[in-house]
Each structure stands twice: as structure tokens, then as C-alpha cells.
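Notes follow once the structure below has been shown.
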Amino acid sequence: MSNYKDAINSYLQLQGHKALQLRAVLFDMDGVLFDSMPHHARAWSQVMQAEGYDFSPMEVYMNEGRTGSDTITTASLAQRGTVPTKEEIDRICKAKCDLFATYPETQPMQGALELVNKVIACGLTPMIVTGSGTPTLLERIAVNYNGLFAPEHIITSFNVKRGKPFPDPYLLALEKGGFNPDEVIVVENAPLGVQAGVAAGLFTVAVNTGPLEEKVLSEAGASLVFPSMPTLAGEWESLYAALTAK
Ligand code: CA
């Protein structure tokens, strides 16, 4: 509990808020609500390598959070020094989505539904802020999360021009939900996602559900890092008490 208080106090001091007035929790989707990253990593690296890019599965984890278009543009600029054409972006995105759709169905992340239920039981609004545009997953939110996320509370790659690590998706979530920065917290699993939450001025909690070292998430600016979603769900009552302490 004391390290929660320390992390919260550092955030409040930095942002110039007196206290958090918690009203909502903004969840990232891939690697937080769905255990989808191993499939994304496989599909991206296979399709990018077929297009002549050097793109290992680990590279996918380091780019996680970017929109598909931004992922391809970043790789093209770094490896070829050129901006990809719209045709190339569309071709690669389609190939990646098509390949992803052939994999076995992605499962919800263990512990995630429990956490969402706890968040709602505390009277908070759950929202989703994702860089994903994968139709197969977006369609499954309603099914796997029992309609707990209102459609107007889901921000996807289709809603913003600039994706993570820019703050835009999180700023749009605040606007759509009608929340101030001191009224929400973010739950992210990837360095660029953490950077986006922090850039939007939000208290950002990381869950390390992938293969990266924990310090990558702290260095990206996460106020707290948990080793898994079940751990965060188990710690929720203590964390919530610290977040709402006056
Ligand atoms: Ca993620």
C-alpha cells in the first residue's frame, strides 16, 4: 500500500493535482483484455518479413500500441528511409489481418474480466483505448466482456489520426467520456502505450503480460508495474483505497 501512495503522490505533484477524483479506468485491449499479443507478434513478423523487412516477433512487442499504418511507416523509414505508399500499407495491413484471422481464437486475458467487474462495482466507468483495428477482436469485446463496455466508450485506430505513443487516443477518451485527467487511470501493457497515457497526463499502471523486462515499462513512465492481470485484479482493493484516499 505504501508504494501505491508514493507512486500516486509523485504523480499528483508532477501534474499539480491535489488528489485523484477517480471516475473511470481506461483499458488498453491487446495484452490487457485479450491474450492476443503472441498471435499479433507471429502475424506481423511473418507478413513484414515476406515484404522484405527485418521484423522479429520481439520488434512487434516494442512497436505494440502503434496503429498498423504507423508500424509499417516506422519500419519503412528506419530500414528504407522512405515513407510507404498507401497501397503498401493497405496490402500489408490486409495480409496481417487475414493471417491473424486464420489463427485459433484469441482468449480473454486471465484476470481481466474479474478486474473490469471490480472496477464497475466501485462505480467507475470502464473504457477501452486501443490502437487496434482488428475486426475479429473488436467484435468480440461485447461477447467476452458481457456488454460491460459501452460502444461509445471504445476508442480504436479508426477514431484517431495519430495513434500511440501520441496522447491523442487517450485525450479522445477523456473527451468522449466527459472526464478530466485527474478522474481516470490507465491500464497498459506496452512501452508505447504507457508513453501515450503519460503524455496525456494520466496516472498509468502497467501490467507486464509479455516478454519485455519490467524496467522497460517503468522507463516508459508507468507509475506502477504489476507482473500480470490476475495480480492487478487481486491488488485492486488496496490500489483503489490508495487512489481514493483523501
Ligand atoms: Ca497493448
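Each reported figure results from applying straightforward, stated rules to the coordinates on display, with no laboratory input. All values reported here derive from a predicted model rather than from experimental measurement. FYI the Cβ positions are ideal-geometry reconstructions off the backbone, even for glycines, and counts take in every protein chain you see.
Where the eigenvalues come from the Cα gyration tensor of segment 37-101, what are the semi-axes √(5λ) of the equivalent ellipsoid, largest first, in whole Å?
Working: eigenvalues 55, 35, 21 Å².
Value: 17, 13, 10 Å, ordered largest first.
How much length, in nm to one decimal, is gained on full extension between residue 85 and residue 99, taken as 0.36 nm per residue of separation minus their Cα-Cα distance?
Numbers: separation 14, 0.36 × 14 = 5.04 nm, distance 2.13 nm.
This chain segment gains 2.9 nm when fully extended.
How far apart, in nm, are two points set 7 Å out from the Cα along the Cα-to-Cβ line at residue 228 and at residue 122?
If labels sit at residue 228 and residue 122, their model points lie 2.1 nm apart.
What FRET efficiency comes out for the pair residue 213/residue 19, r = Cβ-Cβ distance, R0 = 25 Å, nearest 0.05? Mind showing how you got there, number by number?
On the way: r = 32 Å, r/R0 = 1.29.
With R0 = 25 Å, the Cβ-Cβ based efficiency is 0.20.
DSSP loop (so not H, G, I, E, B), at most 14 other Cβ within 10 Å: list which GluC sites (Glu not before Pro) in segment 1-110 pass both filters. Spell out each step's value before the answer.
Details: sites: 51, 59, 64, 87, 88, 105; in loops: 51, 105.
Answer by residue number: 105.
Once every DSSP H run of n ≥ 4 in the chain is given -39500 (n - 2.57) and the sum is divided by its residues, what mean residue ellipticity at 222 nm do you get, rounded to the nearest 500 deg cm²/dmol?
Mean residue ellipticity, 222 nm, calculated: -15500 deg cm²/dmol.
Suppose a student asked you for the relative contact order of segment 55-159, using Cα pairs under 8 Å spaced at least 6 residues apart; what percent would you report? Please report the intermediate quantities before stating the final value.
Details: 64 pairs, mean separation 28.8, N = 105.
So the answer I get is 27 percent.
Can you tell me the alpha carbon radius of gyration of segment 124-169 divided by the globular rule-of-thumb value 2.2 N^0.38 Å? Each step should come with its number before you reach the end.
Numbers: Rg = 10.9 Å, N = 46, 2.2 N^0.38 = 9.4 Å.
Scaled against compact globular proteins, the figure is 1.16.
Using Cα-Cα distances under 8 Å and only pairs 6 or more residues apart, what relative contact order does segment 37-101 have, in percent? Show your work: numbers first, answer last.
Details: 46 pairs, mean separation 23.5, N = 65.
The value is 36 percent.
So which of 18/161; 5/215; 86/164 end up more than 28 Å apart by C-alpha? Working shown, then result.
On the way: 18/161 33 Å; 5/215 20 Å; 86/164 20 Å.
With Cα atoms farther than 28 Å apart: 18/161.
Enumerate the amide H contacts of residue 128 below 5 Å, restricted to partners 5 or more residues apart or on another chain; note that Pro and chain-start residues carry no placed amide H.
27, 154, 155
What does the net charge come to around residue 96 if you take all other residues with beta carbon closer than 14 Å to its beta carbon, with K and R at +1 and D and E at -1? Before the final figure, lay out each step's value.
Working: positive: 42, 66, 91, 94; negative: 30, 51, 59, 64, 70, 88, 90, 98.
Every neighbour counted, the sum reads -4.
What is the spread of the Cα atoms of the chain along each of their three principal axes, largest first, in whole Å?
Computed over the chain, the largest-to-smallest principal extents equal 55, 36, 32 Å.
Pairs of alpha-carbon atoms within less than 8 angstrom and 6+ residues apart define the contacts here; what relative contact order does the chain have, in percent? If you can, show how the numbers build up before the last one.
Details: 410 pairs, mean separation 69.4, N = 246.
After rounding, I find 28 percent.
What are the extents of the Cα atoms of segment 86-162 along their three principal axes, in Å, largest first?
So the extents along the principal axes, rounded to whole Å, are 46, 30, 15.
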